[in-house]
């Protein structure tokens, strides 16, 4: 199920959501070596993305010594410890592990990765921005990304694989949307034997998405591969839970901006 748009007009222009989309696209096109070699991209990810081992040890791999080599060997296989550590020592000796937690929210691993994330952010982010406001929304977005990182680190604390992507922060937006606008109609592209477009309640789309993340992440955890690369499912779960809880506690019973401004016509959605 891929959401295309929602029938939930906003009362003000979603400047921050568009700014976040713009920032992610610019980083992907102008800073990341998107058009570079695989080695260049790998070096970039190790030097700028969040790595669970670095967070739990509050130290970067380049300066982690024997413990870092052991974590690398456990992650990438026997014999990889020393070569990979020499690689990170040469490439990014002064990496800031805590700054990487924030930077990683604006990095992506490919065109489908950034395309899917930005689509979800646009469809659901403008209404959450409208409800939370220009001050709270960016703080909520960043905190959602941090919450996503925390849960992913908990399930794979010694992983030496770089984690990157805006999906954790965007998952927080999805969680808030599910609480604030559960009945909003979402036009969705569905792949089930045939490809079709249907309109369903937001809670149905987001519940299916969340259950899929939880089930797949749980399956990998049982199999012992939750920190082994690929999709960071528990980051999605952590971000979604954070967004849903914040919206439930602080915004569920608070009227939206349109309700507070009586008689003001709704501003149509941009697209």
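The values are calculated or read from the model by the stated rules, or taken from the named source; none is laboratory data. Small disclaimer: the values here were computed from a predicted structure and weren't measured. Counting neighbours? That spans all protein chains shown, and the Cβs are built from the backbone with ideal geometry, glycine included.
Quick rundown of the values:
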| quantity | calculated |
| --- | --- |
| Unmet criterion (only one of (1) farther than 16 Å from residue 128 by Cα; (2) exposed (fewer than 15 other Cβ atoms within 10 Å of the Cβ); (3) touching a helix residue (DSSP H, G or I) at 6+ places or on another chain (Cβ under 7 Å)) for residue 222 | (3) |
| Members of region 47-58 found to be in a helix (DSSP H, G or I) and under 18 Å from the mean Cα position of the chain (by Cα), listed by number | 48, 52, 55 |
| Members of region 1-46 found to be closer than 29 Å to residue 127 by Cβ, modelled with pLDDT under 95 and not in a loop (DSSP other than H, G, I, E, B), listed by number | 2, 3, 4, 5, 6 |
| Residue 247 surrounded by 12 or more Cβ atoms within 10 Å (Cβ to Cβ), modelled with pLDDT of 80 or more, over 26 Å from residue 109 (Cβ atoms) and in contact with a helix residue (DSSP H, G or I) (Cβ under 7 Å, 6 or more places away or on another chain) | yes |
| Failed item, numbered, when residue 38 is tested on (1) surrounded by fewer than 16 Cβ atoms within 10 Å (Cβ to Cβ); (2) touching a residue at least 12 places away in the same chain (Cβ under 8 Å) | (2) |
| Residue identified as free of Cβ contacts under 8 Å to residues at least 12 places away in the same chain, more than 30 Å from residue 13 (Cβ to Cβ) and within 25 Å of the chain's Cα centre (by Cα) among 99, 112 | 99 |
| Hits in region 18-35 - residues which are surrounded by 13 or more Cβ atoms within 10 Å (Cβ to Cβ) and more than 12 Å from residue 117 (Cα to Cα) | 18, 23, 27, 28, 31, 32, 33, 34 |
| Count of residues meeting criterion [in a loop (DSSP other than H, G, I, E, B) and crowded, with 21+ Cβ neighbours inside 10 Å] in region 70-85 | 0 |
| Those helices (runs of 4 or more DSSP H) lying entirely in region 137-254 with at least 1 residues without any contact (Cβ under 8 Å) to a residue 12 or more places away in the chain and over 16 Å from the mean Cα position of the chain (by Cα) | 202-223, 233-250 |
| Sole residue being more than 18 Å from residue 157 (Cβ to Cβ), assigned to a helix (DSSP H, G or I) and touching a helix residue (DSSP H, G or I) at 6+ places or on another chain (Cβ under 9 Å), chosen from 88, 101 | 88 |
